[in-house]
1. Which of the residues that make up the range 331-358 are in contact with a strand residue (DSSP E or B) (Cβ under 7 Å, 6 or more places away or on another chain) and part of a loop (DSSP other than H, G, I, E, B)?
2. Can we say Ala311 is in contact with a Ser or Thr (Cβ under 9 Å, 6 or more places away or on another chain), assigned to a helix (DSSP H, G or I) and not assigned by TED's automatic domain parsing to the domain that holds Tyr107?
3. Given the conditions (1) in a loop (DSSP other than H, G, I, E, B); (2) modelled with pLDDT of 95 or more, report the number of the one that Leu371 does not fulfil.
4. For the range 314-330, enumerate the residues that are among the hydrophobic types (A, V, I, L, M, F, W, C), in a loop (DSSP other than H, G, I, E, B), farther than 19 Å from Ile278 by Cβ and touching a helix residue (DSSP H, G or I) at 6+ places or on another chain (Cβ under 8 Å).
5. Please find, within the range 97-121, the residue that is nearest to the chain's Cα centre (by Cα) out of those that are more than 16 Å from the ligand (Cβ to nearest atom) and in a helix (DSSP H, G or I).
6. Quick check on the range 199-243: of everything there that is assigned to a helix (DSSP H, G or I), in contact with a Leu (Cβ under 9 Å, 6 or more places away or on another chain) and more than 16 Å from the ligand (Cβ to nearest atom), which residue is farthest from Asp53 (Cα to Cα)?
7. Could you run through the range 144-185 and say how many residues are among the charged types (D, E, K, R) and within 16 Å of the ligand (Cβ to nearest atom)?
Amino acid sequence: MNDPKYHLDTLAIHAGQPPDPVTGAIMTPIYQTSTYVQAAPAEHKGYEYSRTDNPTRTALQECVAALEGGQYGLAFASGLAAIDTIMRLFNPGDHVIVGNDVYGGTYRLFERVYRRYGLTFSWVDLADLDSVRAAIRPETRLLWLETPTNPMMRLADIAGLVETVRGHPILVAVDSTFCSPAIQQPLRLGADIVMHSSTKYLGGHSDAVGGVIALNNEEIYTQLKFLQNAVGAVPGPMDCFLVLRGLKTLGVRIERHSQNALQIAQFLEDHPAVQQVIYPGLESHPQYALARQQMRFPGGMISILLDTPEAGRRMVTRTKLFALAESLGGVESLIEHPYSMTHASTATSDIAVPKTLVRLSVGIENVEDLLNDLREALS
Ligand code: P1T
């Protein structure tokens, strides 16, 4: 079922999810159990305790690995728990190069938690490969990137960055949350680790918080698998089931998110109240060529700049279909003000986002209804 000959849409429905061997149930059972009965001490059927392993989680991990073209998958209680577990691979004194536009929670984890444990961070414009090269130190161990970035929608050239750090003992980890494997598969471009907040497009229905990692390197997998159990930030079986169920429609959802978002981005680009639209599917995006090359679809996320912060506030409180909320990637459209919401933790930092920025997560509702909603909110 995990055979690489199958396409993503087929793997999303079947990988890691054979019919239940006991009953034939076509849907993966929710193994709502904390422990497993053993025949004799340490004599069991592969499962001993649900922090260590749970069959519903195993199904999710195998499915995500297959979708990313990876050998191994790991699931966590949140996207941040996944990032946190990756960071525990490193030691005090290690140096990390990070893109200078990331989810506010990632910035907070790195600067306010891991800096206290002796890690150092350089925040770099990843579009400029020379500044990445210049940031490399003997103690650099990780290059962390989002592409497109949250919320400025800047792209990082994954293959180019892999090439830039080649020859150095630096792992390349890609937070691919804004894309999902239906848009890009960073492992196939040479990245060592791909990570997602599965709260977003993978789950797709705004009903579960989770994180996943996929990778090919057996040694790093073994370390991460050890950390997953040793640290214990694992998702419950019900949340694993919800993400698995959401994943089945990933391909069709991403196509529709992208179609809707492109139409909306074009509409906003022509709207006099909008100063700038940042969307990888528009020719006006400064990295449009890279987007065409690296991304199968332009995705459902759009950022816009308005004339004043007040105009942004007015817009996000006037939409009716676009709900004012943090998060993204669900079937329903969301709108938010990153400076005061998702990126409030960067507000006083060097990587603060503009106060005039509004972020849209375009859902899969009827596009005419969404366009009317935005037209009215901006009127
Ligand atoms: O929320 P959680 O599942 O812990 O995932 C964190 C995370 C990691 N990486 C990216 C790129 C993200 O966007 C997020 C979460 N982001 C939001 C909640 C948001 O509204 O941007």
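The values are calculated or read from the model by the stated rules, or taken from the named source; none is laboratory data. Since we're looking at a predicted model, the values are computed, not measured. Cβ: placed from backbone, ideal geometry, glycine included. Neighbour counts: every protein chain shown.
1. Of everything in the range 331-358, those that are in contact with a strand residue (DSSP E or B) (Cβ under 7 Å, 6 or more places away or on another chain) and part of a loop (DSSP other than H, G, I, E, B) turn out to be Glu332, Ser333, His337, Pro338, Tyr339, Thr342, Asp350, Ile351, Pro354, Thr356.
2. yes
3. (1)
4. Leu321
5. Arg115
6. Of everything passing the filter in the range 199-243, Ile220 is farthest from Asp53 (Cα to Cα).
7. Total meeting the criteria: 3.
So that you can scan it fast, the table gives a plain yes or no per residue for (1) within 16 Å of the ligand (Cβ to nearest atom); (2) in contact (Cβ under 8 Å) with a residue 24 or more places away in the chain; (3) of a type outside the set (Phe, Trp, Tyr):
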position: Ile13; (1), (2), (3): no, yes, yes
position: Pro29; (1), (2), (3): no, yes, yes
position: Tyr47; (1), (2), (3): no, no, no
position: Met87; (1), (2), (3): yes, yes, yes
position: His95; (1), (2), (3): no, yes, yes
